[in-house]
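Engineer: Got a structure here, written out as structure tokens. Questions coming.
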Amino acid sequence: MTSHDETHGRNLLGHALLPVANEDDALATARALDPYDPERVTALHVVEKGDGVPDKTPVEQSEDLAAESYAAVRTVFPDADEHTAYSRNVVEAIVDAADEVGASAIAYRSRGGNRLAQFLSGDLSVKLVTDAPIPIVALPRTGSDE
């Protein structure tokens, strides 16, 4: 399935940026993207940094998590590139990474959670969809994902 962005005349999934949180999420997200046959994929892991406070997890542990995530994406997309970003603002890091790697779209899977959890987290999906300067592709969740 190929879709072209009429405004820019380029393939919407010519270069998909795929934000991933961990190994399980990376595999599920890559599998959800696979049927859409992107030409190129860059997996992105954002290491959340504290701003004047201790980081949520040690950097080394976060980098190991990123490596495991990239390996999971490569089971579906063997030629996938990888990009690690360090930021306290996940949405901003995703948007910046898309620009840095020249992505044509950001393809993501909502991580779910109940409405209260989404409200408390500021619902990153809404922020991503409203803040991104390139198309956002919301990948479907299967029944086993929920």
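Engineer: Could you please find all residues in the range 91-111 being in contact with a helix residue (DSSP H, G or I) (Cβ under 9 Å, 6 or more places away or on another chain) and free of Cβ contacts under 8 Å to residues at least 60 places away in the same chain?
Structural biologist: Val91, Glu92, Val95, Ser110
Engineer: From the list Asp24, Asp34, which one is surrounded by fewer than 17 Cβ atoms within 10 Å (Cβ to Cβ), more than 15 Å from Ala80 (Cβ to Cβ) and not hydrophobic (A, V, I, L, M, F, W, C)?
Structural biologist: When all the criteria are applied, what remains is Asp24.
Engineer: I would also like to ask the following. Mind checking whether some residue in the range 38-56 is modelled with pLDDT of 85 or more and assigned to a helix (DSSP H, G or I)? It would help to see each step written out before you state the result.
Structural biologist: Taking the range 38-56 first, the residues modelled with pLDDT of 85 or more are 38-47.
From what's left, assigned to a helix (DSSP H, G or I): none.
No, the range 38-56 has no match at all.
Engineer: Could you please tell me which pairs satisfy a Cβ distance under 7 Å, a separation of 6+ or placement on different chains, a first residue in the range 62-78 that is small (Gly, Ala, Ser), and a second residue that is assigned to a helix (DSSP H, G or I)?
Structural biologist: Ser69/Glu23; Ser69/Ala26; Ala72/Glu23; Ala72/Ala26; Ala72/Leu27; Ala72/Ala30
Engineer: So which residues in the range 67-90 are at pLDDT 95 or above and part of a helix (DSSP H, G or I)?
Structural biologist: Ala67, Glu68, Ser69, Tyr70, Ala71, Ala72, Val73, Arg74
The values are calculated or read from the model by the stated rules, or taken from the named source; none is laboratory data. The structure displayed is predicted, hence computed values, not measured ones. Note that we place each Cβ from the backbone using ideal geometry, even for glycine, and neighbour counts take in every protein chain shown.
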